[in-house]
Amino acid sequence: MGQYTNLFVPSFETDQDEEVERKTEMQTLNGGGGGVWRFKGNKAAKEAASVSMKGILSRAVANYLNSDLPHKLKSDDIFMTIGCCQGIETMIQVLSSPKSNILLSSLVYPLYHSYAIHDLVEIRKYELLPDQDWEIDLQSVEAIADHNTVAMVICNPHNPCGNVYTYHHLKKVAEMARKLGIMVISDEVFKETIYGKNPFVPMGIFASIIPVVTLGSISKGWLVPGWRIGWMAMNDPSNVFKTTGVVESIKHLLNISPDPSTILQFALPNILEKTKKDYFEKKNLTLSQNVDMMFDALKEIPCLVCPKKPESCTSLVTKLDLSLLEDITDDVDFCMKLAREENLVLLPGEVFGKNNWVRISIGVERSMLQDVFVRLKDFFTRHIKSQTT
Ligand SMILES: Cc1ncc(COP(=O)(O)O)c(C=O)c1O
C-alpha cells in the first residue's frame, strides 16, 4: 500500500455513504433542536465529482496514440496531466534520488532545466548537430552518461530547433539508451505541428528495445495553450516501469495534485477523435509559408544565421554572429537592445541553454512577420560594424 493511500477519494458510492446520507437527510428535516433547518448543501458537486472520466479519457488518449504504435497502449498505461508541463514535472520528480542525473539536449525547453534544478536532479547536456539535421550526437550522449544516469530526454519534433527525427536515428537513440540502461522520455507535444519532409515517428515504436514515457498535450496541435490537459503514456511491453516502481511513484505524485479541469476532461475524447486532418494541414501550411518567408528574409540579416530551415514547431532558431555587430555583447544584450529600440521581443538562446543563439517565433500572422523583418533589418543596419559595411 502506498504512502498516500489515505488521500484517495472513492469515486463510487458505498452502502456506508448511503447510510450517512440518509442520516443527514433526517437531521436536515428535523433540525438541530427539533425544528426545520432552512439550509441544505446541494448535490450538484457530488454528482459532478462522482462521474469518473478517467477511464474514458485514458482510453481516448490510448486510441489516439495507438494508431502509430506496434505495442498497443492500454488505458492504464496513460496518466492524465495538467498540460505537458505537469508530465515534465512529474517525471523529474519520479526520477529524483540522491546523485541521479538526467541527459538533456544542449538546446532544450527550459522547464526541464527548472524542474531538475528544483528537484536536485543533476543535469548533463548532450550535443545536437545543426549541420546534420539537428540529430543527436550519440557520442556525446555516451561520453556524459554514467551509472547514476537515469533518463535521457528527447524532444521530437524538436522545440526550438524545428527538426523531426527519422526512424533510423530514433532506433539508434533507443539502442544507445538500452546500452546505458536508462529510460527515454520523449516529449512529443508538437507531434501535430509538422510541415517538412520527415514524417513523425513516435519513440514508443521502440518500446521493445527500451521503455519510453511519451509526453503530450493538446496545447500545440490545437493551438490552445491555455487548455491545460495532457498525458503521459507508458510504452513498456516488458513492464519495466512497474517492476522498478516508476508507475507507483507516478500514481502517488498525481494523487497529491489536482486533475485537469472537468470541462476539458469531457471535451478531450471528442477533440482527439473528431478533429479532421485538414484542420492540422491548414494550420501547418500557414506555418510552413511563414517559415519560408522568414528563412529567406534572414539572408538579408547576416548576423542571424539559421543553419536549417525548420520542418516543425512554431519558431526558427538562429546563431548570432557577434563579429558583425558593433556594440552587442551577447544574445541577451541583443534581445534587450532590440526590445528597447524596436519594440520587438525575440528569445535569447540563454533561455534554451545555448548562448549567442536567438529564437524567432513564426506562429504569428504573415503581416506581423513582415514587420518583424523590417525592424530586425533596421536594427542590424544601425548596429553593424563600420568596416563590414
Ligand atoms: C517542448 C515543449 N514541451 C512541453 C511544453 C509545455 O506544453 P503544455 O503547454 O501542454 O504544458 C512546451 C510548451 O511550449 C514545449 O515547447
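Read-outs: derived from the displayed coordinates by stated rules, not from any lab. In this text the structure is predicted, and so the values were computed from the model without any measurement. Here the Cβ is made from the backbone with ideal geometry for all residues, glycine too, and neighbour counts use every protein chain on show.
Across region 325-330, coupling constants 3J(HN,Hα) worked out from phi with the 6.51/-1.76/1.60 Karplus curve, θ = phi - 60°, read 10, 6, 10, 10, 8, 6 Hz, and Gly and Pro carry x.
With each run of n ≥ 4 DSSP H residues scored as -39500 (n - 2.57), what mean residue ellipticity at 222 nm is computed for the chain after dividing by its residue count and rounding to the nearest 500 deg cm²/dmol?
-12500 deg cm²/dmol
In loop segments of region 238-328 as defined by DSSP, the trypsin sites (Lys or Arg not before Pro) with at most 12 further C-beta atoms inside 10 Å of their C-beta are LYS276. Of ILE117, ILE362, ILE185, the residue with the greatest mean-square motion in the GNM of the chain, using alpha carbon springs below 10 Å, is ILE117. Among the GluC sites (Glu not before Pro) within region 318-389, those in coil by DSSP and having at most 13 neighbouring Cβ atoms inside 10 Å are GLU326, GLU365. Residues of the chain were split at every exposed loop site, defined as chymotrypsin sites (Phe, Trp or Tyr not before Pro) in a DSSP loop with at most 10 other C-beta atoms within 10 angstrom, and the longest piece left, sites excluded, is 40-389. At an R0 of 51 angstrom, the distance between the Cβ atoms of ILE256 and ARG340 translates into a FRET efficiency of 0.70. For LYS179, neighbours were defined as the other residues whose beta-carbon sits under 11 Å from its Cβ, and their charges (Lys and Arg +1, Asp and Glu -1) total 0.
For region 100-109, take each phi angle, set θ = phi - 60°, evaluate the Karplus expression 6.51 cos²θ - 1.76 cosθ + 1.60, and give the result in whole Hz per residue in order, putting x for glycine and proline. For region 100-109, the Karplus curve yields 5, 10, 10, 9, 10, 6, 4, 10, 9, 4 Hz.
Determine the sum of side-chain charges near TYR126: Lys and Arg each +1, Asp and Glu each -1, restricted to other residues whose C-beta is under 14 angstrom from that of TYR126.
Taking every Cβ under 14 Å from that of TYR126, the sum is -2.
Rounded, prolate or oblate for region 173-293? Axes are the square roots of the Cα gyration tensor eigenvalues, ordered a ≥ b ≥ c, and the cut-off for rounded is a/c under 1.5.
Values: a/c = 2.61, a/b = 1.31, b/c = 1.99.
Taking the square roots of the gyration eigenvalues as a ≥ b ≥ c, region 173-293 is oblate.
Considering only alpha-carbon pairs that sit under 8 angstrom and 6 or more positions apart, the relative contact order computed for region 242-351 is 12 percent.
Scalar couplings 3J(HN,Hα) for region 305-319, obtained by applying the Karplus form with A = 6.51, B = -1.76, C = 1.60 to θ = phi - 60°, are 9, 9, x, 7, 5, x, 10, 6, 6, 10, 8, 9, 9, 10, 7 Hz; x denotes Gly and Pro.
Put a dot 7 Å past the Cα of ALA267, heading toward its Cβ, do the same for PHE39, and the two dots end up 3.4 nm apart.
Between VAL364 and HIS147, the modelled labels are 5.2 nm apart [label points 7 Å from Cα along Cα→Cβ]. Of the residues MET176, MET336, MET91, the one with the fewest other Cβ atoms within 10 Å heads the list, and the complete ranking is MET336, MET176, MET91. Largest first and in whole Å, the equivalent-ellipsoid semi-axes of the chain read 45, 26, 20, each the square root of five times a Cα gyration tensor eigenvalue. Here the simple spin-label model places points 7 Å from the Cα toward Cβ, and for ASP292 and LEU69 these points are separated by 3.6 nm. Principal-axis analysis of the Cα atoms of the chain puts helix 277-297 at an angle of about 30° to the longest axis.
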